[in-house]
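K.L.:
Submitted below is the structure of interest, expressed as structure tokens.
The values are calculated or read from the model by the stated rules, or taken from the named source; none is laboratory data. Treat the numbers as computed from the prediction; the structure is a model and nothing was measured. Every residue, glycine among them, receives a Cβ derived from its backbone with ideal geometry; neighbour counts consider all protein chains shown.
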């Protein structure tokens, strides 16, 4: 009995930790039992396609911060990760395409406008989002940069600097001093810190 109970608890633990994988598997199993193998697998494929489209059109997102050791992590669940003052670090968990870039842009502007203390910088984790040269995506980033500047907020893309520099240059978009490209999130924070220190020294 103890072995059965232990096995049952392991299965429950797997289901909790892997809910996104467990639910389709359970759906497939039940579909096969109820409507047969071929129809059940067909329904499972349809469910998988719907989940894929949902992930692309409305993917998950994360606001990032730093912990006491200075490591960058996603914020939430009282994990000790705090936002960097004046900086909003954002991760969009899907490659940007024509289908979701308007949602991406809208989410960033809504987050900026909805914060009690408006950030001076928006840092986007480009590694997660920029996987190929899409002219509609690059044009939307150019628009986002201008929309943020109207709010006195500067845009930083962190990651894939070599590719982004080439893509923007080929399409003649975004390559001015107002769009900042850096190799990674940590260098983005260092750059922001140095720029703010320089501005403070100038004002002082």
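K.L.:
Would you pick out the residues in the stretch 143-153 that are surrounded by 19 or more Cβ atoms within 10 Å (Cβ to Cβ) and either more than 14 Å from residue 108 (Cα to Cα) or in contact with a helix residue (DSSP H, G or I) (Cβ under 9 Å, 6 or more places away or on another chain) (or both)?
P.N.:
144, 148, 153
K.L.:
May I ask you to list the residues in the stretch 167-180 that are under 13 Å from residue 154 (Cβ atoms) and either surrounded by fewer than 14 Cβ atoms within 10 Å (Cβ to Cβ) or modelled with pLDDT of 95 or more (or both)?
P.N.:
176, 177, 178, listed by residue number.
K.L.:
Let me ask you something else. Go through (1) at pLDDT 95 or above; (2) under 22 Å from residue 72 (Cα atoms) one by one and return the number of the condition residue 160 breaks.
P.N.:
All conditions pass for residue 160, except number (1).
K.L.:
Return the only residue of 111, 138 being at pLDDT 95 or above and either surrounded by 15 or more Cβ atoms within 10 Å (Cβ to Cβ) or under 18 Å from residue 193 (Cβ atoms) (or both).
P.N.:
After ruling out the rest, the residue left standing is 111.
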